[in-house]
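Student: Next up is a structure, given as structure tokens.
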Amino acid sequence: MELTIKIENKEGAAVICPDGFINAHTVNRFEETLQNLVKEKQYRLVLNGQGLEYISSAGLGALMGVIEEIRDNDGDIHLCNLSESVFNVFDILGFTELYEIFEEEAPAISAFGGHNRK
Amino acid sequence: MKQFFNVEFAADTIFLKLATDVTVSICQLAGFSNSTAKDISLAVDEAVTNTIKHAYHFDRRRRVTLQFTITDTELTIDVRHNGIPISDTEIHLPDMEEYMKRYRKGGLGIVLMTRIMDSVAYGSVADIHYCRLVMKRGQSHAG
């Protein structure tokens, strides 16, 4: 399996844990996961990249597809545990200014408490 | 001395991982660092994805060829196809500041390609069209 996605609910946030690759071949699964969470009115999302080996622009496009609705509802997407190569993709595009990135999951979740939108 | 490597596969996104894996291996062979090799493979992923999507409209019966050329000074990767050609004049890089303000979606692949590679160009020779990605070999990219 090129991509499996596990979702855990922690302290009112949905923690999305993709395992594998997000590219144009697998992005539909990632996109559906994000859209389903938004449909369920879950607007506090944490993308835990611990198992994420690779992401292309298709994956970043999927995040962009839901971020407006999420922020319009006072939510956000926090990123954590990104590998150097995955972080690099966000950095090349300047997305590190758009999303809050944390080293670990716990602060990514707790940051929703006194959340400041970027 | 020039070295050439060719890889041909069906225009199916299932082969994107193969394309990126092969690219990493060839970049390492050319002396690029692991980090640069991964960046270059991402640019190839984006070029192949664009080819499958825009040149072939996801027609899996069509073929994509990657041609890698290593010279003393650079690595050139041609992503070739015989579908709908794209010319340099049709390429519009989005204004990223505006893009992020308005939460736009799509068009990021070309931005990644141009920010990673030393040059990105589109062209045609007879009925074969290509996206040419070039990275200079040198100390800054060496492994």
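The values are calculated or read from the model by the stated rules, or taken from the named source; none is laboratory data. Keep in mind that this is a model prediction, so the values were computed, not measured. In this analysis, Cβ positions are derived from the backbone assuming ideal geometry, glycine residues included, and neighbour counts consider all displayed protein chains. In case anyone asks, the SASA skips ligands and DNA or RNA and just uses the protein heavy atoms, side chains included. Shrake-Rupley method; radii C 1.70, N 1.55, O 1.52, S 1.80 Å.
Student: Which residue, of A:37, A:47, A:63, is away from chain B (no Cβ under 14 Å), of a type outside the set (Ser, Thr, Tyr) and not in a strand (DSSP E or B)?
Tutor: It is A:37.
Student: Looking only at residues that are more than 16 Å from the chain's Cα centre (by Cα), open to solvent by 20 Å² or more (accessible area, probe 1.4 Å) and small (Gly, Ala, Ser) in the range B:11-37, which one is farthest from residue A:24 (Cα to Cα)?
Tutor: The qualifying residue farthest from residue A:24 (Cα to Cα) is B:31.
Student: Tell me which residues, restricted to the range A:19-33, are within 12 Å of chain B (Cβ to nearest Cβ), crowded, with 20+ Cβ neighbours inside 10 Å and within 11 Å of the chain's Cα centre (by Cα).
Tutor: none
Student: For the structure I just gave you, tell me whether residue B:110 is among the β-branched types (Val, Ile, Thr), within 20 Å of residue B:11 (Cα to Cα) and in contact with a Leu (Cβ under 7 Å, 6 or more places away or on another chain). Talk me through it step by step, then tell me what you get.
Tutor: On the way: among the β-branched types (Val, Ile, Thr): yes; within 20 Å of residue B:11 (Cα to Cα): yes; in contact with a Leu (Cβ under 7 Å, 6 or more places away or on another chain): yes.
Answer is yes for this residue.
Student: So, in the range A:90-99, of the ones that are within 19 Å of residue B:38 (Cα to Cα) and open to solvent by less than 10 Å² (accessible area, probe 1.4 Å), which residue ends up farthest from the other protein chains (Cβ to nearest Cβ)?
Tutor: Top of the filtered list is A:90.
Student: Among the residues of the range B:92-109, are any exposed (fewer than 12 other Cβ atoms within 10 Å of the Cβ) and either modelled with pLDDT of 95 or more or more than 14 Å from chain A (Cβ to nearest Cβ) (or both)?
Tutor: Within the range B:92-109 (the criterion being exposed (fewer than 12 other Cβ atoms within 10 Å of the Cβ) and either modelled with pLDDT of 95 or more or more than 14 Å from chain A (Cβ to nearest Cβ) (or both)), the answer is yes, since at least one residue qualifies.
Student: Look through B:32, B:15, B:4 and report the one residue that is within 13 Å of chain A (Cβ to nearest Cβ) and in contact with a strand residue (DSSP E or B) (Cβ under 8 Å, 6 or more places away or on another chain).
Tutor: B:15
Residue-wise test of (1) open to solvent by 60 Å² or more (accessible area, probe 1.4 Å); (2) farther than 28 Å from residue B:42 by Cα.
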site	(1), (2)
A:17	no, no
A:47	no, no
A:50	yes, no
A:57	no, no
A:66	no, no
A:75	no, yes
A:79	no, no
A:101	no, no
A:113	yes, yes
